[in-house]
């Protein structure tokens, strides 16, 4: 079995994590205040699309840093 080597986290990675935390906090504001007791379908679809895009970007960025840094 290969031994797992721990890599130090760089400042660039920490900066990107903070950017994504900020983005997710702004995205959740889209559905935080329901209109007339519910979330309109258009808003829900926009929310899902933006969440999927942002999480996919975060995943690709994390994989890139883990592989090449």
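Please give the number of the condition residue 25 fails out of (1) exposed (fewer than 12 other Cβ atoms within 10 Å of the Cβ); (2) under 29 Å from residue 6 (Cα atoms); (3) within 15 Å of the chain's Cα centre (by Cα).
If we test residue 25 against (1) exposed (fewer than 12 other Cβ atoms within 10 Å of the Cβ); (2) under 29 Å from residue 6 (Cα atoms); (3) within 15 Å of the chain's Cα centre (by Cα), just (2) comes out false.
State which residue is modelled with the lowest pLDDT when the search covers only region 30-42 and only residues that are surrounded by fewer than 10 Cβ atoms within 10 Å (Cβ to Cβ) and part of a loop (DSSP other than H, G, I, E, B).
First, the residues of region 30-42 that are surrounded by fewer than 10 Cβ atoms within 10 Å (Cβ to Cβ): 32-33, 35-38, 41-42.
So of that shortlist, the ones also part of a loop (DSSP other than H, G, I, E, B) come out as 32-33, 36-37.
Details: 32: 86, 33: 81, 36: 85, 37: 84.
The residue in question is 33.
Going by the conditions given, is residue 19 more than 30 Å from residue 69 (Cα to Cα), free of Cβ contacts under 8 Å to residues at least 12 places away in the same chain and part of a helix (DSSP H, G or I)? Spell out how you get there, then give the answer.
Working: more than 30 Å from residue 69 (Cα to Cα): no; free of Cβ contacts under 8 Å to residues at least 12 places away in the same chain: yes; part of a helix (DSSP H, G or I): yes.
Against the criterion (more than 30 Å from residue 69 (Cα to Cα), free of Cβ contacts under 8 Å to residues at least 12 places away in the same chain and part of a helix (DSSP H, G or I)), residue 19 does not qualify.
Assess whether residue 4 counts as being in a loop (DSSP other than H, G, I, E, B), at negative phi and either at pLDDT 90 or above or loosely packed, with under 11 Cβ neighbours inside 10 Å (or both).
Numbers: in a loop (DSSP other than H, G, I, E, B): yes; at negative phi: yes; either at pLDDT 90 or above or loosely packed, with under 11 Cβ neighbours inside 10 Å (or both): yes.
So residue 4 fits the description; yes.
Condition test on residue 45, is it over 16 Å from the mean Cα position of the chain (by Cα), outside any loop (DSSP other than H, G, I, E, B) and at pLDDT 90 or above? Before the answer, list the steps.
Working: over 16 Å from the mean Cα position of the chain (by Cα): yes; outside any loop (DSSP other than H, G, I, E, B): yes; at pLDDT 90 or above: yes.
Yes; evaluated as a whole, the condition is true for this residue.
Against the condition out of contact with any strand residue (DSSP E or B) (no Cβ under 7 Å at 6 or more places or on another chain) and within 30 Å of residue 5 (Cα to Cα), how does residue 64 come out, does it pass?
Numbers: out of contact with any strand residue (DSSP E or B) (no Cβ under 7 Å at 6 or more places or on another chain): yes; within 30 Å of residue 5 (Cα to Cα): yes.
Considered against the rule, which asks whether it is out of contact with any strand residue (DSSP E or B) (no Cβ under 7 Å at 6 or more places or on another chain) and within 30 Å of residue 5 (Cα to Cα), residue 64 comes out as yes.
The values are calculated or read from the model by the stated rules, or taken from the named source; none is laboratory data. Bear in mind the structure is a predicted one, so any value in this text is a computation, not a measurement. Note: ideal-geometry Cβ built from the backbone for every residue, glycine included; neighbour counts use all protein chains shown.
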